[in-house]
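A.B. asks: Sharing a structure below in structure tokens format, with a few things to ask.
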Amino acid sequence: MRLAAGDQTAVGAERAAERRRARRPRRRVLWGWRVRLPALGDVAPGLESVLAARQPRRVARPGAKRAAVAVILGGRADPALVLIRRKVRSGDPWSGQMAFPGGFRASDAEPLEITASRETAEETGLDLSARGRLLGALDDVSPRSPYLPPLIVAPFVFALPDRPALAPGEEADEARWVPVRELFDPARRTSFTLTLPSGTRHFPAIQVGDNVVWGLTERILSSVISLVGP
């Protein structure tokens, strides 16, 4: 069947569009964001640019303790993030959980980025003051549950050119580099179920080996993804 001139033009335009789409970088939908997998090496530079152009949201919560965590990107082409598994300790509501390295402020005079760096050295053996570059700060996070102590956590993003060996300290059972491509993978999304006095709750989570990332750490990680997403 012969096509009219107008039909031939339309078919030719559609074929050209298909060829252009085929040449585009492969994309995967990650939690509602379309992130180019070949652009993983741009995560750290992209985060630095975004964080420099915005002011982090600070939480005001009277009587809350202040803490800070370090979101550490290591490597360039295939970056990874540092996660620790906290020791199980009686009376610690976050014991045994996967988390970013961090902890409580030593005093009201201690800058929170120093808190994040100091706690990282204690929990992973990684000296950010010598090897890391501070990219900026993320929004504060605070527990939403009335069953947890009042707390405000300030996350700070650091970048390293490589992935040095980690040595878990006294407060961590494990410290590891987890590739960003795995943490961003929607196939690893799951939920964490917790029974509270008010009933059963289900929280967004990410599967990391035999463990899950949920709670404040999952919220911080989701904020990173929202910032690097187009």
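A.B. asks: By the scheme Lys and Arg +1, Asp and Glu -1, what is the net charge of all other residues having a beta-carbon under 10 Å from that of Pro164?
C.D. replies: 0
A.B. asks: Starting from the amide H of Gly136, placed 1.01 Å from N in the peptide plane, find each other amide H under 5 Å away whose residue is 5 or more places distant or on another chain.
C.D. replies: Here the answer is Val157, since their amide H atoms fall under 5 Å of that of Gly136.
A.B. asks: Continuing with the same structure: Find how many whole Å separate the alpha carbon centroid of region 43-105 from the alpha carbon centroid of region 163-225.
C.D. replies: 12
A.B. asks: So how do Ser49, Ser107 line up by other beta-carbon neighbours within 10 Å, fewest first? Don't jump to the answer; show the numbers that get you there.
C.D. replies: Numbers: Ser49 13, Ser107 7.
Exposure proxy ranking, most exposed first: Ser107, Ser49.
A.B. asks: Moving on. In Å, what Rg and Dmax follow from the Cα atoms of region 57-206?
C.D. replies: Using the Cα atoms of region 57-206, the pair Rg, Dmax is 15.7, 47 Å.
A.B. asks: Taking the convex hull of the alpha carbon atoms in region 60-112, what volume per residue do you get, in Å³? Provide the component values of the computation, followed by the final result.
C.D. replies: Working: hull volume 6.6 nm³, N = 53.
Taking the convex hull of the Cα positions in region 60-112, it is 125 Å³ per residue.
A.B. asks: Rounded to the nearest 0.05, what FRET efficiency do Asp210 and Tyr147 give with R0 = 22 Å and r taken as the Cβ-Cβ distance? Could you check?
C.D. replies: Working: r = 26 Å, r/R0 = 1.17.
Taking R0 as 22 Å, the efficiency between Asp210 and Tyr147 is 0.30.
A.B. asks: Additional query: Just the ratio, please: alpha-carbon radius of gyration of region 85-173 over 2.2 N^0.38 Å, N its number of residues.
C.D. replies: 1.12
A.B. asks: When the Karplus curve 6.51 cos²θ - 1.76 cosθ + 1.60 is applied with θ = phi - 60°, which whole-Hz ³J(HN,Hα) does each residue of region 70-75 get, with x for Gly and Pro?
C.D. replies: So the Karplus estimates, Gly and Pro as x, are 10, 9, 10, 9, x, x Hz.
A.B. asks: Let me ask something additional. What do you get for chymotrypsin sites (Phe, Trp or Tyr not before Pro) in region 80-151 restricted to DSSP loop and a cutoff of at most 16 other Cβ within 10 Å of the site's Cβ?
C.D. replies: Sites meeting the loop and neighbour criteria: Trp94, Tyr147.
A.B. asks: Hey, another quick one. Which trypsin sites (Lys or Arg not before Pro) in region 40-82 pass both tests, a DSSP loop state and at most 13 other beta-carbon atoms within 10 Å? Mind showing how you got there, number by number?
C.D. replies: Values: sites: Arg54, Arg57, Arg58, Lys65, Arg66, Arg76; in loops: Arg54, Arg57, Arg58, Arg76.
Counting only loop positions with at most 13 other Cβ atoms within 10 Å, the trypsin sites (Lys or Arg not before Pro) in region 40-82 are Arg54, Arg57, Arg58.
A.B. asks: A further question on this structure: DSSP loop GluC sites (Glu not before Pro) in region 121-230 with at most 13 other Cβ atoms within 10 Å of their Cβ, which ones?
C.D. replies: Those satisfying the criteria are Glu170.
A.B. asks: Taking H placed 1.01 Å from N in the peptide plane, check which residues at least 5 places from Leu151 or on another chain put their amide H under 5 Å from its amide H.
C.D. replies: Lys65
A.B. asks: Ordered by residue, what ³J(HN,Hα) values in Hz, to whole numbers, does region 193-209 give under the Karplus form 6.51 cos²θ - 1.76 cosθ + 1.60, where θ = phi - 60° and Gly and Pro are x?
C.D. replies: 9, 10, 8, 10, x, 8, x, 8, 10, 10, 10, x, 8, 10, 7, 10, x
A.B. asks: From the backbone phi of region 112-120, what are the Karplus-calculated ³J(HN,Hα) couplings (6.51 cos²θ - 1.76 cosθ + 1.60, θ = phi - 60°) in whole Hz, Gly and Pro given as x?
C.D. replies: Result, rounded to whole Hz: 5, 5, 6, 4, 4, 5, 5, 5, 5.
Read-outs: derived from the displayed coordinates by stated rules, not from any lab. Since the structure is predicted, the reported quantities are computational estimates derived from the model, not experimental observations. Using ideal geometry, Cβ is built from the backbone for each residue, glycine included, and neighbour counts are taken over all protein chains shown.
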